[in-house]
Each structure stands twice: as C-alpha cells, then as structure tokens.
1. For the stretch 59-78, indicate whether the set of residues that are touching a Leu at 6+ places or on another chain (Cβ under 7 Å), of a type in the set (A, V, I, L, M, F, W, C) and within 14 Å of the ligand (Cβ to nearest atom) is non-empty.
2. Could you please let me know if residue 13 is at pLDDT 95 or above, open to solvent by 10 Å² or more (accessible area, probe 1.4 Å), among the β-branched types (Val, Ile, Thr) and over 19 Å from the mean Cα position of the chain (by Cα)?
3. Considering (1) under 28 Å from residue 303 (Cβ atoms); (2) under 22 Å from the mean Cα position of the chain (by Cα); (3) of a type outside the set (Val, Ile, Thr), say which one residue 358 fails and leave the rest.
4. Somewhere in the stretch 162-179, is a residue farther than 29 Å from residue 233 by Cβ and touching a His at 6+ places or on another chain (Cβ under 8 Å)?
5. Does residue 216 meet the test of being away from the ligand (no atom under 16 Å from the Cβ), charged (D, E, K, R) and surrounded by fewer than 20 Cβ atoms within 10 Å (Cβ to Cβ)?
6. Considering only residues of the stretch 193-204 that are surrounded by 12 or more Cβ atoms within 10 Å (Cβ to Cβ) and over 20 Å from residue 384 (Cβ atoms), which is farthest from the ligand (Cβ to nearest atom)?
7. Looking at the stretch 255-270, which of its residues are surrounded by fewer than 22 Cβ atoms within 10 Å (Cβ to Cβ) and either assigned to a helix (DSSP H, G or I) or of a type in the set (A, V, I, L, M) (or both)?
Amino acid sequence: MSSENDRMLRAETPLGAEIRFAARARQVLRQNDMGDWTRAAPNLYPHQWSWDSAFIAIGLAHFNTRRAARELLALFEHQWRTGKVPHIVFNPEAPPASYFPGPEHWACAAASPDAPPAPPYTSCLCQPPVHAIAALRVWEVAERSGGEEAGAARVFLRQIYPKFLLWHHYLTTHRDPEGSGLVTIYHPWESGTDNSPRWDAPLSNVEVGELPPYPRYDLRYVASPSERPTDVDYDRYLWLVKLIKKAGCDERNTYRSHPFLVKDVLFSAILAAANEALMEIAALVGAPSGDRTLIASWIARGHRGLNGMWDPELGLCLDYDLRAGRPLRSRTVAGFAPLIAGRQGSGRLEALLATLDSPAFLGHPWLHWPVPPSTSPFDEGFHRRSYWRGPTWPVVNWLLWWSLLRAGEPQRAEGLRQASLPQIASSSFGEYFEPFVGESLGADDQSWTAAVTLDWLANEPCQEERKVA
Ligand code: 2M8
C-alpha cells in the first residue's frame, strides 16, 4: 500500500520530492525533541536511548550542528564513574505506565557508587558505541559550513573527547578483562538486536526464577504481538536484569556470577570503527600522544579479536558464548561485523561481499527491497515479522552503507541507499520492515529512521558514483 510520502515522491520532480521528504524527516526529529535530547519514538520509546542518540545526532547535524552536539553531550552527562554510558536515560516527563521496565525498576541502579546523580534515573546496561562516529560526522558537517559552526564544533569535540576516551576505556577493560578485543555483553538489550536468534542458545541456559507479574506496555503500540519479543523472552530479560541488580551493577560480581556472558561481534566491530573515529578526534583536539598509542592498541586488539571469530563456512563472524565456551552459529547481519570494523584485506572483504550478495541475504529471491534481513531466511531462528529475527532495519542498512563506502565499495553502498530511501518513504518513518511484503512494523516516527534518512539525502553521490552495478 502506498503512503502519502510514496505518492509525493512519484508525483513531484525528484528534487522537490527529496526536499519534502527531508522536511518530513526533520519534522519527526522536531516532534520527538525534548530540548537537549530526543525520544527514540513518541510512544513506544519515550526515553533517551544511547545508540539511538548517536544516530539521531548524525541526522540532526544536517540542519543544526549545535543541537546535534547537544544530543551527545546530554547523553554523556549521565555517564557512570566507570565510564559506562547507560543504555537508557529515563525521561522524568514520560507518562506513567508508558514503558516497562521504567525508571522505578532501575532506581536501585542509582544506589551504585558508580552511578551518576539521579533523577533522572538510568539503566545500568549499555549499548554499541556509535557515539564517536557520530561526533566526527557532526564535526565534518560543521567544518564544511565553516565559520562559527566549525568553531563551536571544535569546542564540542574538546568537551566530549575525554568522555569518549573513558567510555572506550570502560569497554576495553571492564567489558573485556580477557584482553580478547571483543566486548562482553550481559544482556540481549546491550546488543541493540534484542531478540535476535544470536541469543537463543545462551538465553536457553538461563533458568528463570520467581518473577512478580509485570505489564507489557510495548504491545499497546504495535499492530500485533508477533512484532515484539515473546513473553518467554521478556521473562528472561527481566530475570537477567534482576541478577545484574543483585550483583550491585558491579562488573566483577556480574562477571563472576552472571549466566549470560557473550562476546558480541557487532558491538565489538562498532567499537573498532568508533576507535578509528576517536583517533581522528584525538588528532583534532591535540590529545597527548599516549592517548593515541592507547587507541591504536585498542584498534589492533579489536581486529585480532574479530579475526578469531571468522567462520569460513558461513562467511560470517560469530558471537561467542563465554559460559558455554563455544561460538554461536547463527546467520544474522551481525556476522558482517568485520565489514563494519573496516580495514579488511581483499580476501576477507570478498568473502563478506559474497555472503552479502548470496541468497542468504541480498540475493534472496523474495525480498521486497534489496536490503538485508536482520536474520537470514536460511537461519532456523528466522521470523519475518518478529523484531530482530528477520525484518529489515534502516539503521542497520545505514551502518552497512557507511561501511561499504569506507571499504571502497561505492556502487554497492549506493545500491543500499537507493533501496532504503523508498522503503522508508513507503511508511511513516517505520522502525523496521517485513522483508518479503515490505510492511512497516513496530513504531512509526522512529527518530533514528528519520535521522538516517537525512544523512542519506545529504549524501547523494555524484553522477559517476550513482551507476549501480
Ligand atoms: C529496542 O530496545 C528496547 C530495549 O532497549 C526495547 O525493545 O524496549 C532495540 O531496537 C534497541 O536497539 C533500540 O535502541 C531501542 C530504542 O529504539 O529499542
């Protein structure tokens, strides 16, 4: 079914349609704007989410670089003493009974000596560190505009650089005591790909104990419960939260006792790419050479870690279950982690691109748009409507597009951009999409979908690059 956006795109001149599309995307970000930070979505997610805010800053940069900078600064005001950046900062103005588990559920995290002053409360989990990548993009846009914008962006980089350094230090130490180069997550929510089949095996080993009844407010905001994680998933999520709180949100206690400890390759790859961005920021702010040596060591270690998780048979990188002591063999977009980390040799890059083009992903004959399903239809955990188990996600497509550009694959990147824009235009900035019929699922007016739209519209390649292979 064709939406108003879609009709507009076909009826107008390409330029006119793009201008109106960008205006609609800006409108979504304005509507979700809370002053210094942005709600992830108006109803389903009325708080500030960590990696959403990073993508949001990338979109905001195209119409207000100062506001984009504030988005990241506002998030980092709630950084923990350890360096952790919480995955949610709770909105004190959110209507009661709008999101579960809400601030009251996490309030005890505030009792940790490492937690920032509350309210607002924060969760004690974290999410993939897209932030340095976002800050660098804000800088690049501001630098192109020159003058005061560029000056303000440089001040911003100076302010945020030490916070980024502390954040990455947290991830490379507390979350990698083994020095493996791979980040350990304690909860599927930390991965950002919550109910992905990636987590089925480690979750099945979590024995859920006594839980009080709890509400599923999320189900009010979607057309069908099949779009969200099941009650069985939620029981496990809440049980894991209970255990983390019982461990006092303390890293060492959690590492000792927690039943879900997984090396997440997507998270680790984003960290490797974010460390490259941090290195550029370090140069821009004139950071001491010791910092740069440290960041270079994080980058090298990250690449080594990912390299060790490569599965030649699947042509993908695999997560690793520390408790069970084995890799997790699922076929999901997370397996493209080395592409996102960057700096792959030609052999590995070719292998990744072959997997991307194969019927397991972009070459699947039933795809409505040529964008990769979050889980391959060939994976036994695939589900076409359920959240991270199959639907396609604009924000993931943006990450792959950005990575393909960095890998020197502009035509493939452009293929993803050209497929993603009409997909988004067919909806009201949907959160995710059914891969075979193209139905928009989850929330409407999702902020990060609007943000990546703005970045894609601002990054129209020149005529030469447009010719998609
Ligand atoms: C989803 O996760 C939250 C929990 O953190 C939820 O389902 O309630 C995920 O898609 C996550 O990646 C995203 O950051 C968040 C807000 O968009 O929603």
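The values are calculated or read from the model by the stated rules, or taken from the named source; none is laboratory data. Only a predicted model underlies this, so the values are computations on that prediction, with no experimental measurement involved. Backbone-built Cβ (ideal geometry, glycine too); neighbour counts: all protein chains shown. For the accessible areas, the whole protein counts, side chains as well, though only heavy atoms, and no ligand, DNA or RNA atoms are used. Shrake-Rupley method; radii C 1.70, N 1.55, O 1.52, S 1.80 Å.
1. Taking every residue of the stretch 59-78 in turn, none turns out to be touching a Leu at 6+ places or on another chain (Cβ under 7 Å), of a type in the set (A, V, I, L, M, F, W, C) and within 14 Å of the ligand (Cβ to nearest atom).
2. It is false that residue 13 is at pLDDT 95 or above, open to solvent by 10 Å² or more (accessible area, probe 1.4 Å), among the β-branched types (Val, Ile, Thr) and over 19 Å from the mean Cα position of the chain (by Cα).
3. Looking at each condition in turn, residue 358 falls short on (2).
4. Yes; the residues of the stretch 162-179 include at least one that is farther than 29 Å from residue 233 by Cβ and touching a His at 6+ places or on another chain (Cβ under 8 Å).
5. So residue 216 fails the test.
6. Kept after step one, since they are surrounded by 12 or more Cβ atoms within 10 Å (Cβ to Cβ), are these residues of the stretch 193-204: 193-203.
Among the residues that remain, those that are also over 20 Å from residue 384 (Cβ atoms) are: 201-203.
On the way: 201: 20, 202: 17, 203: 15 Å.
If we take residues in the stretch 193-204 being surrounded by 12 or more Cβ atoms within 10 Å (Cβ to Cβ) and over 20 Å from residue 384 (Cβ atoms), then 201 is farthest from the ligand (Cβ to nearest atom).
7. 255, 256, 257, 261
Residue-wise test of (1) of a type in the set (Ser, Thr, Tyr); (2) within 30 Å of residue 389 (Cα to Cα); (3) touching a Lys or Arg at 6+ places or on another chain (Cβ under 9 Å); (4) away from the ligand (no atom under 16 Å from the Cβ).
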residue: 144; (1), (2), (3), (4): no, no, no, yes
residue: 153; (1), (2), (3), (4): no, no, yes, yes
residue: 160; (1), (2), (3), (4): no, no, no, yes
residue: 184; (1), (2), (3), (4): yes, yes, yes, yes
